[in-house]
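The values are calculated or read from the model by the stated rules, or taken from the named source; none is laboratory data. The structure presented is a predicted model; accordingly, all values stated were derived computationally and were not measured. Cβ sites come from the backbone with ideal geometry, for glycine too, and all protein chains shown count toward neighbours.
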Amino acid sequence: MPTCRHCGSTYPREHFIHGNGPKTQVCVRCGVEQGLVSKEDVPVHFTKELANARFSAVARRYSIFLYIPFLWGLWLFTLSDVEPWGLFFLGLLVLLTLLAPVVFIYRGGRFSGDMARLSPAYDRPKGH
Ligand SMILES: [Zn+2]
């Protein structure tokens with residue numbers, strides 16, 4: 001994968017603008033920021049809204065693994081010695097912990113679909 005001359009980031013070939021001279025080895029983001037190409041000419045450019053939507057999809061997918069340790073900590077420090085709610089919530093936590101990987105795998109397809117929907121469609125131009 002090539003490296004951008006300006007920001008030094010490494011991207012797949014289709015994330016670079018096409019051309020010679022000042023446009024050589026410049027990624028789409030740097031090309032738009034420096035005015036070498038317009039936003040309409042680079043469909044592969046990830047706008048801020050698109051990047052935010054992708055980030056929120058990823059956050060939604062992995063947030064359960066952040067919640068579970070938090071809930072376990074909450075249970076340990078507050079509810080563990082309360083009768084009978086400590087035992088009830090322990091059972092609930094165990095169930096949730098066992099179900100989390102199942103739900104994670106089950107929702108994988110929907111996540112892939114969301115990410116595909118949030119990826120700009122782009123045909124690699126000739127010469128790339
Ligand atoms: Zn760049």
Which of the numbered conditions does Val28 fail, given that it passes all the others? Conditions: (1) closer than 30 Å to Gly109 by Cβ; (2) more than 9 Å from the ligand (Cβ to nearest atom).
(2)
Which listed residue, of Val26, Val58, is outside the structural domain of Gly109 (by TED's automatic domain parsing) and either over 30 Å from Val103 (Cβ atoms) or not aromatic (Phe, Trp, Tyr) (or both):
Val26
If you go through segment 31-51 one residue at a time, how many are more than 18 Å from the chain's Cα centre (by Cα) and either within 13 Å of the ligand (Cβ to nearest atom) or buried (at least 18 other Cβ atoms within 10 Å of the Cβ) (or both)?
7
Flag for Val82 being among the β-branched types (Val, Ile, Thr) and in the same structural domain as Arg5 (by TED's automatic domain parsing)
no
